[in-house]
Structures are given as structure tokens and as C-alpha cells.
Amino acid sequence: MKPHQVTTFVSGLVFVGLIAALGMRQRQIGALQIGATGQAPVQDVAPVTRPAPAEVPLTDSELRDLLSLRRDVARLRQDKSKLEALQAENTRLRTAITNAATSEAKRVAVPEGYLIANRAQFVGFATPQDALQSFLWSIRNRDTNALFQVLTPASATMLAEVIARQGPDDFFKGASKMPGFLIRSVQENGDGKAFAEIQIDPHNPSRVEKFRLEHDDKGMWRLEM
């Protein structure tokens, strides 16, 4: 055999040996994977594409229900918007009222214990002080029914005649200018009578008005004019 033929033959044997060794190595790796996991190597599998389910058309009844629900949702959204607007307006008005009351209190320097007219409440007639505050409230709010309750029957009859002559608007226009009062003293007598001294002008403590009150058979105090 010639030298170049020997070289070619040896190269072929080496190539065949490499192929055989590579195949044996692959089989060994597969055997090791099976031994480690107990399962054969997982081969990549192409995902199966399934067709989308066909849409089932709605019945007439279901379609009507769907449209009704959509209308309800739209109406609820509108109601929510209106409610939010009302809440915002309510907050704005409350803030404005609070600021106005604060500004009024700062603008008018009043002595301690002075009751500003717009803060008066209708508190009944259990005490002379309650009757005076209820009187101020009824004047401020132009409530003739409450005003007549605060007065003794004779005084209520007399005042009703005055209001009838002047008219409610003219009467309350003047009476409601009363800014408030400070009760300086209340003296109760044993005969069911009481005398109250009140200061109406917050800037003039020397000017004091006197009110007479009467204790009725129901235990309530009424103003006598």
C-alpha cells in the first residue's frame, strides 16, 4: 500500500471512530437523565392552537335585559354626578355660613355673655332667661306664633292688634333690627313676677332696658309688655 493511501485509510478510521464515540456519548447522557428524573427527556412540542368558541347570539329577552342594565348604569352615573355636585355645594354653603358668622363676631366686639341675635335659639319658657332668648329668636325669625307664645295672654292680644295695624312686614322690619342682648340681672319675686335688666346696645352698657315677666299656672315664664 502506498503512503498516501495509508494516510487516507487512517483518516477514515479516525472519522468513523469519532462518529461512534459521539453517538455513545449521547446515549450515556440520555441514560443519566432517565436515571435522575425517572422520565425520558422531554422533547419540545409545538403548542396546539384551538379554534375560539363560536359566539352564541343573545335572545330577544336577554338583549332587552342587557339594554335595560346599560340604561340603569348610565342613570346611576348621572345620579352620582348630581350627588357629588350637591355635596360640593353643601360644603361650600356651610363654609360660607361659618365664615360669615366668624366675620360678624370679629366685626362686632361684644361683651362677654352678649347673645347675638342670629345665634339665638327657641328654648322654651322654663326660666326667665329662656323666655328672653325665645323672644329674641321669634323676632329674628319673624315667627308670630312663637312670639305670641312668649308673651302673656294680655300682651299677646295687644301685640296682635299692633301687628294688624302696621302689617307684619313693617312691624318685623323695625323689631328685627335688635342686634341681641346681654342679661344684666334677673330678680324673681315671690308673687310669680320677675324683672330683667338687659343691655341691647353692645357698645352702650349704660343703656339698660327693663322687662317684666310673669310665671303662669303651667310653670312657664311669659313676657309682659
| Can you list the aspartates and glutamates whose alpha carbon is less than 17 Å from that of LYS177, not counting same-chain residues fewer than 8 positions off? | GLU104, ASP143, ASP169, ASP201, GLU209
| message | Taking 2.2 N^0.38 Å as the expected size of a compact globular protein, what ratio does the Cα radius of gyration of segment 115-224 give against it, to two decimals? | response | 1.03
| query | What nm value, rounded to one decimal, do you get for the distance between VAL56 and LYS173 when each label is placed 7 Å out toward the C-beta? | reply | 7.8 nm
| remark: Two pseudo-spin positions, 7 Å from Cα along C-beta at ARG70 and at GLN129, lie apart in nanometres by 6.7 nm
| field | Candidate aspartates and glutamates for bridging to LYS80, where Cα separation is under 13 Å - those fewer than 8 sequence places away on the same chain excluded | value | ASP72
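Since every read-out is calculated from the coordinates, none of them should be taken as a lab result. Worth saying up front: this structure is predicted, and the values here are computed from it rather than measured. Glycine gets a Cβ as well: all are built from the backbone with ideal geometry, and neighbour counts include every protein chain shown.
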